[in-house]
Amino acid sequence: MDVKDRNILAILQRQGRIAISELAAKLNMSDTPCLRRVRKLEQSGIIRGYAAQIDPKDVGFNVVVYAFVRLKENSDQHAILFEDSMENLEQVMECSVVTGAHDYLLKIVASDLLSYESFVKKSLGSLNCIAGIESTVVLKQNFSRSTLPL
């Protein structure tokens, strides 16, 4: 990846719907080489897709919770079961393996605290591989970045 590719990525992060002709003009390139570079970035998986950014509160998700999860045992079997289960739960926005006293950190959205409690009891609580869950409710999100510092 060279400087032009990084510049393409920097612009596309902020303007994913920009026309190729406009992108090429911003980069002092012609359309065809610019499109070729974008396609190469897409095919290599560097660009994973294009999506609308939606404010969770505007669609009824008023609560964001970070949940620290500890598994009963640190085994491949438990990890695979847990990770596969998290991928199937739409409320789980992020799932990360972490170091320290816990095994995973989840970012979960819910409409309110009662729905989060129900989610914990019915969805997470039904997994036998989980030893414990510690939840931290976000009181106020000051900002959230969706762009990388390219």
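The values are calculated or read from the model by the stated rules, or taken from the named source; none is laboratory data. Keep in mind that what you see is a predicted model, and the values were worked out from it rather than measured. Every residue, glycine as well, gets a Cβ built from its backbone with ideal geometry; the counts of neighbours run over all protein chains shown. For the accessible areas, the whole protein counts, side chains as well, though only heavy atoms, and no ligand, DNA or RNA atoms are used. Shrake-Rupley method; radii C 1.70, N 1.55, O 1.52, S 1.80 Å.
Please enumerate the residues belonging to region 117-148 that are touching an Asp or Glu at 6+ places or on another chain (Cβ under 9 Å) and either open to solvent by 40 Å² or more (accessible area, probe 1.4 Å) or under 24 Å from Gln13 (Cβ atoms) (or both). Of everything in region 117-148, just one residue is touching an Asp or Glu at 6+ places or on another chain (Cβ under 9 Å) and either open to solvent by 40 Å² or more (accessible area, probe 1.4 Å) or under 24 Å from Gln13 (Cβ atoms) (or both), namely Ala131. Looking only at region 64-74, decide whether some residue is of a type in the set (Lys, Arg) and outside the structural domain of Val120 (by the TED database). Among the residues of region 64-74, not one is of a type in the set (Lys, Arg) and outside the structural domain of Val120 (by the TED database), which makes the answer no.
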